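Only one structure is covered here, and it is reproduced in the block below.
The values are calculated or read from the model by the stated rules, or taken from the named source; none is laboratory data. None of these values were measured; they are calculated from a predicted model. Cβ atoms come from the backbone with ideal geometry, glycine included; neighbour counts cover every protein chain shown.
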């Protein structure tokens, strides 16, 4: 379901929001900026929730005394109520400007207080989250064990960013490319995988995600357990075992179906598997698998679809098999594969 908060409290109950405010990243900031663009009427509410959350965090982190804390909190609530009243009696343009000023003012006030508090009491500021970055280059598969014991297998030309330590309430990672996840179950700390177009939320399960930048139809496929997929546009789907959803980047929609695990997850066992794939899809897959570049002769187009499997075969063997049915010639020079019209 689409997130549609009615009060500031709804934001404070939203784990994505809490994680963003306390530990913002490039990806989470982009997500909430997109959300605000879709919900401009929620600007004031989001700002107020953010200020409230920061005040809670600052109090705990900096040991702020109750009197000072509740004074700041009271001012924020009073200012928020006043701006709502102004909005009711005024126009929407002046309200937006006022809301923006409230957010900026209150944030500066809070930060100013805690800077002074830090100087006077020499209390350390909370540390930023430390992230690790693991990548698998072309022709390489890589297995990673996360801090919670979850295991991730990266496919070629894929990258995973994750914190050095997960929090007690949320486990978030960021994926580019393809990976198979075997998530350690923890009902108190949902596991969320962020990709460029959608996020996948689980508690404990095994699933495959593909999110390469140059592919139009990325997917999430569930082997066991249950996951929820949510797009940047606010659409969501619940997936059970053997369910798969593809994200259509052109239409911005999720398309649900079933899948064959032996085919879709073959890459984990070193098997290349194609099912009615066109040449562009085949070339992109082989480029990542073997770490090579394809160059097609100008004016030549490989037609037809290819279905087949190759179990730990050399590149030459794979190309030879595909060229017979797809009718093209090839030559390999170093890390470059040249495709041309078939020799008659």
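Before moving on, here are some points about what is shown:
- Test: residue in the stretch 259-271 that is in contact (Cβ under 8 Å) with a residue 12 or more places away in the chain, surrounded by fewer than 14 Cβ atoms within 10 Å (Cβ to Cβ), touching a strand residue (DSSP E or B) at 6+ places or on another chain (Cβ under 9 Å) and part of a strand (DSSP E or B): no
- The one condition in (1) surrounded by 15 or more Cβ atoms within 10 Å (Cβ to Cβ); (2) in the same structural domain as residue 153 (by TED's automatic domain parsing); (3) more than 17 Å from residue 177 (Cα to Cα) that residue 245 fails to fulfil: (3)
- Matching helices (runs of 4 or more DSSP H) fully within the stretch 1-41 where at least 1 residues are within 18 Å of residue 232 (Cβ to Cβ) and in contact with a strand residue (DSSP E or B) (Cβ under 9 Å, 6 or more places away or on another chain): 15-22, 26-38
- With respect to the conditions (1) surrounded by 15 or more Cβ atoms within 10 Å (Cβ to Cβ); (2) under 27 Å from residue 307 (Cβ atoms), residue 232 lacks only one, and its number is (2).
- For residue 274, the stated conditions do not hold, so it cannot be described as modelled with pLDDT of 95 or more, surrounded by 14 or more Cβ atoms within 10 Å (Cβ to Cβ) and outside any helix (DSSP H, G or I).
- Search result, residues across the stretch 1-11 that are under 20 Å from residue 194 (Cα atoms) and touching a helix residue (DSSP H, G or I) at 6+ places or on another chain (Cβ under 8 Å): 3, 11
Matching residues to (1) assigned to a loop (DSSP other than H, G, I, E, B); (2) touching a strand residue (DSSP E or B) at 6+ places or on another chain (Cβ under 7 Å); (3) loosely packed, with under 11 Cβ neighbours inside 10 Å; (4) without any contact (Cβ under 8 Å) to a residue 40 or more places away in the chain:
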| position | (1), (2), (3), (4) |
| --- | --- |
| 300 | yes, yes, no, no |
| 309 | no, yes, no, no |
| 316 | no, yes, no, yes |
| 324 | no, no, yes, yes |
| 337 | no, yes, no, no |
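- Set 191, 207: member being buried (at least 22 other Cβ atoms within 10 Å of the Cβ) and closer than 20 Å to residue 14 by Cα: 191
- Residue within the stretch 46-67 that is surrounded by fewer than 16 Cβ atoms within 10 Å (Cβ to Cβ), over 22 Å from residue 254 (Cβ atoms) and modelled with pLDDT of 75 or more present: no
- For the stretch 8-26, filtering for residues that are more than 16 Å from the chain's Cα centre (by Cα) and farther than 14 Å from residue 169 by Cβ leaves 4.
- From the options 320, 288, residue that is within 30 Å of residue 204 (Cβ to Cβ) and in a helix (DSSP H, G or I): 288
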